[in-house]
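Before any comments, here is the structure.
No value in this document is a laboratory result; all are computed from the given coordinates. Given the structure is predicted, the values throughout are model-derived calculations rather than measurements. Cβ placement follows ideal geometry from the backbone for every residue including glycine, while neighbour counts extend to all protein chains displayed.
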Amino acid sequence: MSETNAAAEVAAPHRYTAALAADIEARWQDFWDANGTYEAPNPSGDLAGDAGTVARPKKFVMDMFPYPSGAGLHVGHPLGYIATDVYARYHRMTGHNVLHTLGFDAFGLPAEQYAVQTGTHPRVSTEANIDNMRRQLRRLGLGHDQRRSFATIEPEYYKWTQWIFVQIFNSWYDPEAKKARPIDTLAEQFASGERATPDGRPWGELTDVERADVLGEYRLAYASDAPVNWCPGLGTVLANEEVTADGRSERGNFPVFKAKLRQWNMRITAYADRLLEDLEALDWPEAIKLQQRNWIGRSEGARVDFPVAGHPDAKITVFTTRQDTLFGATYMVLAPEHDLVDAIVPAAWPEGTHEVWTGGHATPAQAVDAYRKQAAAKSDVERQAEVKEKTGVFTGAYAVNPVSGERVPVFIADYVLMGYGTGAIMAVPAHDSRDFAFARAFELPMRCVVQPSDDRGTDPSTWDDAFASYDATIVNSAGEGVTLDGLGVVEAKARITEWLEARSIGEGTVNYRLRDWLFSRQRYWGEPFPIVYDEDGVAHALPESMLPLELPEVEDYSPRTFDPEDADTSPETPLSRNEEWVNVVLDLGDGRGPRPYRRETNTMPNWAGSCWYELRYLDPHNTERLVDPDIERYWMGPRDGQPTGGVDLYVGGAEHAVLHLLYARFWSKVLYDLGHISSAEPFHKLYNQGMIQAYVYRDKRGIAVPAAEVEERDGAYYYQGEKVSRLLGKMGKSLKNAVTPDEICAEYGADTLRLYEMAMGPLDVSRPWDTRAVVGQYRLLQRLWRNVVDEGTGEVTVVDTEPDEATLRALHKAIDGVRQDMEGLRFNTAIAKITELNNHVTKVREVPRSVAEGLVLLISPLAPHIAEELWRRLGHSTSVVHEPFPVADPAYVVDETVTCVVQVKGKVKARLEVAPSVSDEELEALALGDPAVVAALNGAGIRKVIVRAPKLVNIVPA
Ligand code: ANZ
């Protein structure tokens with residue numbers, strides 16, 4: 001402590017200092033815990049409570065829950081948590097039953113990687129991290145209902161994650177009902193003959209294995225052999241959403257390869273249309289909705305069959321969004337992995353094959369083989385990149401354009417992806433840029449079938465690029481039985497689709513970019529699948545009585561050591577090493593009695609636990625059900641303005657746009673369809689907070705140096721005497737610029753930190769952290785304190801008098817403004833208004849009690865500890881948390897009045913006090929009604945009234 005500080009403390013022992021703040025904050029945090037201040041009652045069950053509170057309108061305010069990292073929190077993390085806390089507190093004070101809590105998303109790779117390095121069980125390190133985070137969060141004074149907090153790694157929680165998996169496994173999507181239904185209903189359809197089996201045999205004649213295979217084609221959770229993203233570096237497969245644009249793992253930046261592996265998938269594609277449609281009713285940022293729409297990527301087009309010349313049984317089915325350009329299809333491309341390729345490749349190059357088509361290979365088979373190897377090394381993203389150099393090779397086969405009858409060569413090329421559409425395209429080089437580039441490189445013919453709207457003419461060989469437009473007319477498209485010439489694109493698409501359908505060689509279809517969700521990971525630290533395989537390899541779900549299936553102990557958590565760069569390695573799961581756990585004899589209660597089974601040894605991806613956690617907050621201790629239906633309906637059910645139901649405010653980062661937010665919506669819809677919940681959407685209102693950024697200082701070698709030790713001199717920055725560069729970046733341990741909330745709380749108190757974070761700028765905008773600026777909010781709290789408490793004696797100084805007019809106006813304007821800002825999550829402007837009021841009060845010699853109390857109530861959602869303390873000192877015995885938020889008196893909310901002069905025949909007859917915003921009409925009416933003016937006119941008529949609102953009215957009598 002400096003000498004001046006020490007002197008000040010002697011003179012002002014009751015000043016609001018960091019030490020006093022620490023004392024106040026610890027005391028009130030204990031009080032809140034002891035009194036269950038933030039406990040929100042449920043309408044029934046073990047958390048049932050005060051009926052009056054339950055009868056209030058509900059508000060469910062939620063954060064995206066954190067992963068408990070070993071590094072703990074830095075000041076960037078709680079930005080959203082503080083914002084939701086302020087919002088929740090405001091709503092508690094405006095008559096709502098507010099559910100606000102925070103759990104931990106605690107399965108995941110970092111704890112497992114740490115375990116591999118140190119041998120510490122992931123549970124041990126994860127629990128220690130959770131304890132540390134809980135301590136850090138508690139220090140911030142967040143008003144969480146602690147009874148509802150949990151971590152996804154608790155067996156009591158993941159029992160229900162597994163249970164949901166079983167529900168998904170045991171259901172199928174009925175396209176007629178447009179919803180998920182129990183798989184038994186499908187089996188009944190097969191059994192009754194209402195639905196034909198794939199090979200037409202009666203259901204009763206199928207073996208158990210055959211039936212299981214048939215149903216597996218429909219289940220919403222299913223295992224399949226498919227090309228997946230295999231990441232040897234992480235020893236696991238990854239979902240598309242977890243692979244970066246450069247084809248590497250989002251986590252760890254390892255190369256990702258395509259490999260065919262048997263994996264569990266979730267049939268999210270069945271919900272593509274509903275996931276799109278229901279976006280409309282959600283109160284979400286447009287940018288996130290757009291990302292989801294693009295990710296789902298709905299395209300309307302057609303499938304068209306092209307016969308293969310010389311192979312009467314083979315046909316190539318393409319997906320196109322531009323069937324109107326069918327006459328312009330001059331070649332075809334199959335994805336290199338396409339199943340048909342091997343069947344159509346001839347033994348030798350056909351007569352007259354163009355040299356550039358062969359890639360210099362002696363036979364088509366050699367060319368195809370070499371090209372496939374080359375393509376396998378690239379990721380889908382690389383393959384789709386807008387590179388000018390298009391590569392590919394001729395298969396030696398020809399197909400027939402069904403509308404023109406023309407023979408068109410069939411190529412393989414990596415710009416056609418196996419995982420999209422049918423993995424085959426008709427190429428229309430005149431009207432598609434990729435096809436244009438390819439046709440140029442391979443000297444393929446082009447035909448213009450869409451009239452260019454510019455002056456390039458209709459000979460594509462003279463063009464620089466394809467002419468791609470939807471707003472144009474079709475030309476050169478007349479064939480047998482159908483002509484498209486003169487039609488617009490939309491009509492042409494309809495006409496040709498009809499023609500194709502009439503001949504059964506094509507049909508209109510909708511295609512989605514969205515793929516099914518790859519749901520298994522070859523890792524240890526995740527939920528075990530509640531699945532066992534019988535001796536025939538048929539998968540069975542465990543009955544509910546066997547859940548939770550707890551994660552077993554293993555000797556070694558690490559994935560088998562792989563060469564991270566080698567695509568030919570294959571995964572080995574840690575769980576598979578525990579033979580005793582894997583091989584079991586169970587009676588599944590299905591009438592088959594005890595039998596030997598093998599357990600599934602993959603684990604669920606770390607997204608699973610966050611797909612439904614909002615539901616568990618509602619009824620966290622329920623051992624009988626996922627959530628009690630009455631409790632679920634109370635907090636989540638649809639209501640006016642929220643037709644699909646859901647959480648009232650969900651705050652988190654925009655990076656979850658297509659991962660967590662899409663997966664959680666999908667699980668909600670399945671649970672909704674199966675009748676387990678009443679809300680078809682998990683999150684009604686979504687808000688993305690900005691990021692707290694921090695300066696990163698780097699030395700000459702580009703290495704980050706500790707930001708706290710950098711000195712500024714004359715606008716330049718120095719670390720240990722050496723000049724360093726400064727750039728705004730992320731905050732974090734690795735950039736050596738992390739500031740922890742613990743440091744700021746120690747230096748100023750949690751209330752100051754909360755105010756500073758909320759005052760930094762609009763919540764959705766990223767902002768740079770500046771430790772030196774924090775003191776500004778500290779001073780605000782010191783002035784607030786002084787407005788109520790004598791720093792010397794500690795006595796409360798407020799007086800029981802009525803405030804003057806100016807103070808009343810300042811108070812009610814602040815109340816009015818703060819209310820609006822709180823509703824709109826504009827906490828920065830709310831703080832500005834409170835500061836203005838506080839400054840006004842500072843100038844008042846004796847502060848009236850009503851004004852001091854108003855100020856305390858206004859600031860209490862933002863700075864709850866000091867507010868509780870002052871409220872108590874002002875003589876109240878109850879917590880400020882449940883006090884009603886002040887309501888503005890409209891009479892004082894209008895701005896100060898201005899004086900309007902009213903003249904009759906040029907002479908001043910009256911002065912009116914009016915609002916500055918008064919309209920001409922209002923002012924004229926007021927002036928003409930004024931008694932002095934009426935007297936001056938003395939019954940004379942009026943010739944003219946000149947109004948210059950708000951200052952002047954001039955009346956000219958007749
Ligand atoms: C002929 C055509 C003519 C096409 C034209 C476009 C323009 P979206 O809108 O994204 O759905 N395509 C189809 N399957 C493909 C695959 N597996 N890999 C790469 N490209 C594929 O795109 C649909 C269009 O992308 C389809 O329509 C097809 O090219 C191509 F003037 O067919 B089009």
Cα long-axis angle, helix 489-502 against the chain (0 to 90 degrees, to the nearest 10): 40 degrees
Using distinct alpha-carbon pairs, which all enter the 1/r mean, Kirkwood radius of region 708-768 in Å: 13.8 Å
Rg to Rh quotient for region 399-514, alpha carbon positions, Kirkwood Rh: 0.95
Projected-area mean, region 53-163, by convex hull of Cα positions, square nanometres: 8.1 nm²
Estimated D of region 336-376 in µm² per second, where Rh is the Kirkwood radius over Cα pairs and Stokes-Einstein applies at 4 °C, 1.567 mPa s: 121 µm²/s
Ellipticity estimate at 222 nm from DSSP helix runs (n ≥ 4, -39,500 (n - 2.57)) divided over the chain, nearest 500: -10000 deg cm²/dmol
For region 104-176: Kirkwood Rh in Å [reciprocal of mean 1/r, alpha carbons]: 14.8 Å
Descending Cα extents along the principal axes, region 430-487, whole Å: 34, 25, 17
Peptide ranges 109-120, 79-90 listed from the most packed, as the mean C-beta count within 10 angstrom indicates: 79-90, 109-120
DSSP-loop GluC sites (Glu not before Pro) across region 753-847, with at most 12 other Cβ within 10 angstrom: GLU795, GLU846
log10 of Debye I(q)/I(0), alpha-carbon scatterers only, for region 653-800 at 0.11, 0.16, 0.20, 0.21 Å⁻¹: -0.70, -0.97, -1.20, -1.25
Added length on full extension, which subtracts the Cα-Cα distance from 0.36 nm per residue, PHE31 to LEU928: 316.8 nm
For region 911-958 and region 234-303, distance of Cα centres in Å: 68 Å
Helix axis angle, 775-788 relative to the chain longest principal axis, alpha carbon, degrees: 40 degrees
Mean separation of Cα contacts under 8 Å, 6 or more apart, over the residue count of region 127-253: relative contact order %: 16 percent
Loop-located chymotrypsin sites (Phe, Trp or Tyr not before Pro) in region 437-506 whose Cβ has at most 13 other Cβ within 10 Å (DSSP): TYR470
Cα point-scatterer Debye curve for the chain, base-10 log of I(q)/I(0) at q = 0.05 Å⁻¹: -0.44
Expected-Rg normalisation [2.2 N^0.38 Å, Cα atoms] applied to region 617-717: 1.77
Calculated diffusion of region 754-822, Stokes-Einstein form, Kirkwood radius summed over Cα pairs, 4 °C and 1.567 mPa s, µm²/s: 87 µm²/s
Kirkwood Rh and Cα Rg combined as Rg/Rh, region 308-454: 0.93
P(r) weight above 17 Å for region 466-524, C-alpha pairs, percent: 57 percent
Binned Cα-Cα distance frequencies in region 591-642 - 5 Å width, integer %: 4, 14, 16, 14, 13, 13, 13, 7, 4, 2, 1
Viscosity 1.002 mPa s, 20 °C: Kirkwood-radius Stokes-Einstein D of region 268-339 over Cα pairs, µm²/s: 139 µm²/s
Dipole moment magnitude, nearest 20 debye, the chain about Cα centre, only Lys, Arg, Asp, Glu C-beta charged: 2560 debye
Inverse mean reciprocal Cα-Cα distance (Kirkwood Rh) of region 796-917, Å: 16.0 Å
Assigned charges on the beta-carbon of Lys, Arg, Asp, Glu; region 825-958 dipole about Cα centre (debye): 640 debye
Nearest-0.05 FRET efficiency for ARG293 and ASP889, computed from C-beta distance (R0 41 Å): 0.30
Measure of compaction for region 19-90 (Cα Rg per 2.2 N^0.38 Å): 1.40
In degrees, nearest ten, helix 433-442 long axis to first principal axis of the chain (Cα): 40 degrees
Measure of compaction for region 504-581 (Cα Rg per 2.2 N^0.38 Å): 1.60
